[in-house]
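Every number here is computed from the coordinates shown, using simple stated rules; none is lab data. Bear in mind the structure is a predicted one, so any value in this text is a computation, not a measurement. Here the Cβ positions follow ideal geometry from the backbone for every residue, glycine too, while neighbour counts run over all protein chains shown.
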Amino acid sequence: MRTHAQSAFCEFWTRVGRIVRPNPLLVILSLGIPAFVLWLFVFGQQGLWPDESWYHICETLWVVCIPVLFSVLVDRSILEESLRKIIHAEVRLGVASEVTLAKTGIRQAHERLDFKRIFNEARPGAKIFWLDTYCPRKDDFIDELKEALARDVTVDMLMIRQNSRNSQYRSQEIVDDLDYGDAWATGLEDFARRMLQLQQQMTNLHIRQYDDLPCVPMYLIKQADGEHTGYSSWFLSRASAHFVHLEFGAGPLFSAMDRYFSLKWKRWPPT
């Protein structure tokens, strides 16, 4: 095992190596030291062939080289230390952000969520908790929903009540999609009709309609073996179905949404 002194010594020479190796100028200047000694030995006042003119030429060159050499060493060392601190700070920030996300359970973001995966990921015996106003992309996942129900997946679905005041407010908020105003109301009516028809066919699809605040869209999957996966987005000026979704697993975020869904589910009677 290395002692502290050995580690410090190794670190010193490692840093010296990093400074010298990538810098050709520094290597050339360093070769000047033995060259200057040799020059003195040959042409210096006590040399083999004393020559005052050659001696002064060498002296002048070396007077110039010494400050340059020192400047390169100092600047290189300062630059390396500055870069090391910057990289260290960025790495610490990245690690801290990753740890924070991991603690909340967030796994990744989906630029456009494939709604099929919500039902494809649900294994037999799983439960899906669905909270949304309505989803204009129902045709994308209706077959996968039926297949999930057929393999004994339970789906509890909360959708906003048609003609409620909050549904009207939401239809007025959406201005960056085609699904706004009357088109939004028509889409909600069609979605509700399709889901309610399917509920009559499948006893493990349970639908309740609310007319209070919608909160955020959330789709929670509880597997029979205890594994949890959730997806969520935001209600902004376009339909959330077309917006970014976060994917998260077990953790504070999933637990908070699970509790919110449970309380909301209890407040509204079956449809």
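Pairs of alpha carbons in region 108-267 separated by more than 27 Å make up 17% of all such pairs. The label-point distance for ASN166 and LYS266, in a model that sets each label 7 Å from Cα toward Cβ, rounds to 1.7 nm.
Highest mean packing comes first when the peptides 189-200, 259-270, 135-146 are listed by Cβ atoms within 10 Å, giving 135-146, 189-200, 259-270.
Here the Karplus relation 6.51 cos²θ - 1.76 cosθ + 1.60, evaluated at θ = phi - 60°, turns the backbone of region 125-140 into coupling constants of x, 6, 10, 10, 10, 10, 10, 7, 6, 7, 10, x, 9, 4, 5, 6 Hz, with x for every Gly and Pro.
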